[in-house]
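Novice: Input: one structure, supplied below.
The values are calculated or read from the model by the stated rules, or taken from the named source; none is laboratory data. Just so we're clear, the structure is a prediction, and the values are computed from it rather than from any experiment. In this analysis, Cβ positions are derived from the backbone assuming ideal geometry, glycine residues included, and neighbour counts consider all displayed protein chains. Surface areas here come from the heavy atoms of the whole protein model, side chains and all, with no ligands, DNA or RNA. Shrake-Rupley method; radii C 1.70, N 1.55, O 1.52, S 1.80 Å.
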Amino acid sequence: MEKLLSGNEAIAEGAIYAGCRFFAGYPITPSSDLAERMSFRLPQVGGRFIQMEDEIASAGAIIGASLCGIKSMTATSGPGFSLMQEHISFAAMAEVPIVIANIQRGGPSTGLPTFPSQQDMMQARWGAHGDYEAITLVPCSVEECFYLTVKAFNLSEKYRVPAFILSDEVIAHLREKVRIPEPGEIEVIDREKPRVPPEQYYPYDDSQGEVPPLAAFGSGYRYHVTGLAHDITGFPTHDPEKVGRLLKRIVDKIRNHVSEIVEYEEYMVEDADILVFSYGCTSRACKEAIQELRRDGVRVGLWRPKVIWPFPEEELKKAASGKKAVLVVEMNYKQIGYEVERILCDMRVHWMGRADGEIIPPEEIEEEVKCILTS
Amino acid sequence: MKIEVRLVGEGGQGLILGGLILAEAAIRDGKNVAHTQTYGAAARGEISKSDVIISDETIYYPKVRQADILLALTQEAYDRYTRYLKEGAIIVVDEFYVKRYDKDRKVYALPLSDTAIKETGKVITVNMVSLGVISELTGVVSKESLKEAMLARIPKGTEEINLKALEAGFEMGRKAKEKG
Amino acid sequence: MYTDIVREYLRKDKFPSIWCPGCGHGIILGALLRAVYKLGWDKNKIVLVSGIGCSGRTPGYVDFNTLHTTHGRALAFATGIKMANPELHVIAVMGDGDAVAIGGNHFIHTARRNLDITAIVYNNSIYGMTGGQVSPTTPVGARATTAPYGCVEKPFDVVELALGSGATFVARGSSYHVPMLDNIIKEALAHKGFSVVDVITTCPTTFGRRNRLTDDPVKNLEWIKERLVPLSKWEKMSEEERKGKLPFGIFRKQELPELTELYHEMDLKVRGEK
Amino acid sequence: MKKKYRITIYRDWCKGCGLCVAYCPVKILRIDEERKVSVMDEDRCVGCLMCEYRCPDFAIDVKEREEVKV
C-alpha cells in the first residue's frame, strides 16, 4: 500500500511494523509530530503511549518497559537528546534494547528549533559518559525513515544496545510516497530469550556468545539489573578482571560485527574521480549536484552511509581507494569530516558544510567539486 | 518531467491541506512526489507555503527552488515568491487579494475566493477551487486523481461542498485556458 | 518467627548487607518483606526498583525482579514497567534526596497520574552514601558536610508534597515504630493507585555523629521517637506544641481510577471492543 | 502455662549494632566479646519480637518452643 507520509510519520509506522508497543516521550520541536502519531497509533495495535514529565523520565520509562519484554522507543531533538544521555549510558551498561529518534534541529542550546541540522552526529557517538557502543542510523528519505527504523529495532534487539535514528527537520516534515510492506515481508528480529531454566539463568552470561539472552521481568526469571559494573550474574563487582571482561564485551559486541551492521549506498561511484561523502538530507543535494556535474562530464559519485555508527571504515576505504579526492558535505562544522580525514589519512579529503539552518543547495556543491578539480 | 508547484497564502486558507491533496493526487497518477511546507509558527494571518514537487524520476533535492506553477492567495505571498520562478512559469492569483502583479508574466488573476463563497458559502473552500483551476490549466495532476485524493483526505460530511468547489475550479480553469 | 520467613525473600549470598551497623534501611526492608509475605504475593510478579544511594542497594538484596536505576529516576523506570505490564506489582524505594531533590519532578508527576506503584522513601535527612551532605529533608539547624554551620533551608515535608501532588495513598511511618510500619506498608502495597510511604529513619554514621546523637543506633532511633507523634494526637496539638515534631500515620486513602485501568478502557474504545 | 521461645542468632549476619539488646523488654540479650549478639537467658523471653522488628540485618529469629516432656 502506497501512502503519503512525512518522515516522522514513517518512523512511527516503521516502529509499529518492527513491533514497538511502548512509547514514552516529551514534546520537542521538530519531533513532536512523531509522538503525536504514536499516541494515535499505539492504542490501535494494543500498545501504550505516555507523555512523561521530561526527557530524562522518557528515556527511563522506555528502559523499564523494555525490561518487561516490550519493544520501546522515544523521540526527541537536540536539547532532549542531551537530557537523555545518562539513561543512554544506563541502557548501554545494562544492555537493554531501546530506540531513540533524534530529529536534529539547529544547535547549540535552543538554537534553531524549526530548522534542520546535522549537529548531533558526534553526540550520538560520544554523548554519554563512559565507554560504550551504540548504533546510529541516518535516513535520507521518508521511505528510509520507515526501513531504517525497522532496522534500528532489529539491531537494538539483536545486540542489546541503544539504537538511534538521526533524522533532521527536512526529512522529518518532508512528505513522500512510502510503500508499507505487508507483515512478514521484511525481517523483524526479537531479542533472544533464555533457553535455560530460571535457576541457571544469568542476564550477562557470555559463555554462549557476545550477546546474552534477555529474560522479561515477570516471566519467572528473577534477576538483577544495575548501572554499576557487574559480573555475569548482574550483581555489582569491582573485580578488575570481571569489570574488564564486561566493558570489553560491551564494545566488542559491536566492533566485531561492524560489517554485519553497516549499510550504505553507492551512487555513480565506480568510475568517479571524486567521491562525495554525505548522509541524511544533505546527501540529496549532493545527488542533485552529481547529476548536474555528470551532464558536464565531471566524473563524480556519492558514498552515503545509512548506518553511521559504528562507522563503516573498511567499506569507505575500499570505495575511496584510487579516487583523486573525497569531499565531505554535511550540515555542521566538520563533525564527520574529521572522522573521514582520520580514516582516509593518506588521501586528499575536502570538506564543506554549514550550520545556519539552510540545507546546502546543489549549486554550492557543484562549485566546490569544480574547485577541487582545478586545484 | 519534473514540475515544482508552490501554493502560498496565509494561515487558515487551507493550503497545507491543498498541497497534501495535490501530492496524493500525483501519487495516484503514478508519480513521485516531495511535499514540504512552512514549519514553525504558522498561525492564522502568517504566510503559509505548501510546496509539491511532482516527477516521473526520483526526486533528490526535496525543496522547491524555482517553481513552474505558483498559486498566490495574498499580495504578500505574490510579492515574496515571484522571485523564485522558472522562466514561463504559470501564476494563478486570487484577484480579490492580489491587485498588483507583473504584467509581463503569465498571470491568471481569477475570482478564486469569490467563487468559493458563491458556490459553497464558505471561503475556506478556496483551496479546492484553486486546485481545480491548477489541474485544469496545467494538467499537472489528473482531475480524477485529484477528486479521489480530495475525498480520501477531507473530513466526513464535507464531501458535497468540496466537490462543488473543485468542479467550480475545473470550470474556471477551462474558461481561463480558452481565454489564454 | 518473621526473620526465618523473610530470609526466604532475600538473596542470602549477598549478606551481610553493606549498610552500616544499626542502619535504619534494613529495618524498613524487614517491614516491607513482612508486608509482601502477608499479602502472599508471587515473587515472580514483583518488581523492586530503586534509585541511587544507600536505599538504592535494596533491590540487590531481594529475590524479586530487581532494578537499580540512576539517581532520582526510580519512578521513571517504574512507570515504564507498570505501563508495559500492569500485572506486575511495582515497588520503588528511594532515599530522600533521590525522591524529592533530583527525583522531585518524577515524584510529583507519578503522584498526579495515580499509576499503581508504591513509593517508599527511606527518609534519613541526609545523603548517606556520599558522606553526609545536606538533603531536602534535613531539619533546619542540623549539620551536614555541606551545611557545616547548620542547615538554613526549610525542608520538604514528603507527606505534604505527596498530598499536594495528588497521591491517593499517603502515609508516614518510621523505623522506630516497627510493627506499625509493617501495617502501613502492607496497606500501601495493597492500595490500587499511587501510594507513598515516607519512612523517617536514621543514619547514625553520617547524620547522628554530626548532630549530637553519636553513631549509637539506639540514640538515633530514640531521636525519631521524640520527634514523631501519632496523627490522632497531632490533630489536637497547638502550633506551639507541634514545633520540631512530625505526625505519623495514614494521611490519605482514596479510591480513584488508576492510570493503567483508564488506559485499558481507552484502548478498548479505540479498538471498538467496547 | 507460660509460653517458651527459641531464639536463633545468625551470627554471620549480625553486625553487633545493639538495637535488639536495647529494645529487649526483659533484657536477656547482650553484645559479646566477638561484638555479636548473644542470648543470656532464653527462658525469660516473652516473644514480643521487638528484637526481630528492629534488627536491620535479619540476624535474629524468635519462635515458640515446642514443649519437650522431661
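Novice: Do you know which of the residues in region B:57-116 that are in contact with an Asp or Glu (Cβ under 7 Å, 6 or more places away or on another chain) and among the polar types (S, T, N, Q) is farthest from the other protein chains (Cβ to nearest Cβ)?
Specialist: B:S113
Novice: When residues of region B:129-162 are filtered for being part of a helix (DSSP H, G or I) and open to solvent by less than 40 Å² (accessible area, probe 1.4 Å), how many remain?
Specialist: Final tally of qualifying residues: 14.
Novice: For region C:26-63, name all the residues that are in contact (Cβ under 8 Å) with a residue 24 or more places away in the chain, at the interface with another protein chain (Cβ under 7 Å from one of its Cβ atoms) and crowded, with 24+ Cβ neighbours inside 10 Å.
Specialist: In the first step, residues of region C:26-63 are kept if they are in contact (Cβ under 8 Å) with a residue 24 or more places away in the chain; the result is C:27-39, C:41, C:43, C:45-63.
The next check asks that each one be at the interface with another protein chain (Cβ under 7 Å from one of its Cβ atoms); those that pass are C:27, C:30, C:43, C:45, C:47, C:59-60, C:63.
Of everything in region C:26-63, those that are in contact (Cβ under 8 Å) with a residue 24 or more places away in the chain, at the interface with another protein chain (Cβ under 7 Å from one of its Cβ atoms) and crowded, with 24+ Cβ neighbours inside 10 Å turn out to be C:I27, C:G30, C:V47, C:P59.
Novice: Right, here's the next one. In this structure, does C:I91 turn out to be aliphatic (A, V, I, L, M) and either surrounded by 24 or more Cβ atoms within 10 Å (Cβ to Cβ) or under 23 Å from C:L181 (Cα atoms) (or both)?
Specialist: yes
Novice: Continuing with the same structure: Restricting to region C:217-274, count the residues that are modelled with pLDDT of 95 or more, open to solvent by less than 40 Å² (accessible area, probe 1.4 Å) and of a type outside the set (A, V, I, L, M, F, W, C).
Specialist: The qualifying residues number 7.
Novice: Now for a separate question. Select, from A:G227, A:G234, the only residue that is within 30 Å of A:Q104 (Cα to Cα), over 20 Å from the mean Cα position of the chain (by Cα) and within 14 Å of chain C (Cβ to nearest Cβ).
Specialist: One residue alone meets the criteria, A:G227.
Novice: For region A:22-47, give me each residue that is open to solvent by 30 Å² or more (accessible area, probe 1.4 Å) and in contact with a Lys or Arg (Cβ under 8 Å, 6 or more places away or on another chain). Show your work before the answer.
Specialist: Just the residues of region A:22-47 that are open to solvent by 30 Å² or more (accessible area, probe 1.4 Å), to begin with: A:26-27, A:29, A:33, A:36-37, A:39-41, A:44-46.
If the condition is that a residue be open to solvent by 30 Å² or more (accessible area, probe 1.4 Å) and in contact with a Lys or Arg (Cβ under 8 Å, 6 or more places away or on another chain), then A:T29, A:Q44, A:V45, A:G46 are the ones that fit.
Novice: Tally the residues that are part of a helix (DSSP H, G or I) and either buried (at least 17 other Cβ atoms within 10 Å of the Cβ) or within 7 Å of chain D (Cβ to nearest Cβ) (or both), restricting the search to region C:5-15.
Specialist: Residues in region C:5-15 being part of a helix (DSSP H, G or I) and either buried (at least 17 other Cβ atoms within 10 Å of the Cβ) or within 7 Å of chain D (Cβ to nearest Cβ) (or both): 3 in total.
Yes/no per residue for (1) under 29 Å from C:D13 (Cβ atoms); (2) touching a Phe, Trp or Tyr at 6+ places or on another chain (Cβ under 9 Å); (3) modelled with pLDDT of 95 or more:
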residue	(1), (2), (3)
C:R57	yes, yes, yes
C:G60	yes, yes, yes
C:T70	yes, yes, yes
C:N85	yes, yes, yes
C:D96	no, yes, yes
C:L115	no, yes, yes
C:V140	no, no, yes
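Novice: Quick check: anything in region A:194-210 under 20 Å from A:I98 (Cα atoms), in contact with a strand residue (DSSP E or B) (Cβ under 6 Å, 6 or more places away or on another chain) and more than 14 Å from chain B (Cβ to nearest Cβ)?
Specialist: Among the residues of region A:194-210, not one is under 20 Å from A:I98 (Cα atoms), in contact with a strand residue (DSSP E or B) (Cβ under 6 Å, 6 or more places away or on another chain) and more than 14 Å from chain B (Cβ to nearest Cβ), which makes the answer no.
Novice: Take the conditions part of a loop (DSSP other than H, G, I, E, B), in contact with a Gly (Cβ under 7 Å, 6 or more places away or on another chain) and either open to solvent by less than 10 Å² (accessible area, probe 1.4 Å) or within 19 Å of C:S175 (Cα to Cα) (or both) and apply them to C:G72. Does it pass? Full working, then the answer.
Specialist: Values: part of a loop (DSSP other than H, G, I, E, B): yes; in contact with a Gly (Cβ under 7 Å, 6 or more places away or on another chain): yes; either open to solvent by less than 10 Å² (accessible area, probe 1.4 Å) or within 19 Å of C:S175 (Cα to Cα) (or both): yes.
It is true that C:G72 is part of a loop (DSSP other than H, G, I, E, B), in contact with a Gly (Cβ under 7 Å, 6 or more places away or on another chain) and either open to solvent by less than 10 Å² (accessible area, probe 1.4 Å) or within 19 Å of C:S175 (Cα to Cα) (or both).
Novice: Follow-up. If you check every pair at least six apart or on different chains, which have Cβ atoms under 8 Å apart with a residue in region A:217-234 that is aromatic (F, W, Y) first and a residue that is open to solvent by 30 Å² or more (accessible area, probe 1.4 Å) second?
Specialist: Qualifying pairs under 8 Å: A:F217/A:G69; A:F217/C:N85; A:Y221/A:P198; A:Y223/A:Y202; A:Y223/A:T233.
Novice: Which one is most open to solvent (accessible area, probe 1.4 Å), of the residues in region B:13-35 that are in a strand (DSSP E or B) and not aliphatic (A, V, I, L, M)?
Specialist: B:N32
Novice: Just to verify a result, which residue in region A:352-375, among those that are assigned to a helix (DSSP H, G or I) and in contact with an Asp or Glu (Cβ under 6 Å, 6 or more places away or on another chain), is most open to solvent (accessible area, probe 1.4 Å)?
Specialist: This residue is A:E366.
Novice: Going by the conditions given, is C:I18 away from chain D (no Cβ under 14 Å), part of a loop (DSSP other than H, G, I, E, B), of a type in the set (V, I, T) and open to solvent by 10 Å² or more (accessible area, probe 1.4 Å)?
Specialist: no
Novice: Taking region A:170-193, which residues are more than 14 Å from every other protein chain (Cβ to nearest Cβ), in contact with a helix residue (DSSP H, G or I) (Cβ under 8 Å, 6 or more places away or on another chain) and surrounded by fewer than 13 Cβ atoms within 10 Å (Cβ to Cβ)?
Specialist: Listed by number, the residues that qualify are A:P183, A:E187.
Novice: Of all residues in region D:38-50, which are touching a helix residue (DSSP H, G or I) at 6+ places or on another chain (Cβ under 8 Å) and either within 23 Å of C:R57 (Cβ to Cβ) or in a loop (DSSP other than H, G, I, E, B) (or both)? Show your work before the answer.
Specialist: The first filter runs over region D:38-50 and keeps only residues touching a helix residue (DSSP H, G or I) at 6+ places or on another chain (Cβ under 8 Å), leaving D:49-50.
Listed by number, the list holds a single entry, D:L49.
Novice: May I pose another question? Among the residues of region C:106-122, what is the count of those that are closer than 20 Å to C:L32 by Cα and open to solvent by 10 Å² or more (accessible area, probe 1.4 Å)?
Specialist: 1
Novice: Looking only at residues in region C:75-101 that are within 15 Å of the chain's Cα centre (by Cα) and part of a helix (DSSP H, G or I), which one is nearest to the other protein chains (Cβ to nearest Cβ)?
Specialist: Among those residues, the one meeting the criterion is C:A78.
Novice: Within region D:8-57, how many residues are farther than 17 Å from C:I27 by Cα, of a type in the set (S, T, Y) and at the interface with chain C (Cβ under 8 Å from one of its Cβ atoms)?
Specialist: Selection size over region D:8-57: 1.
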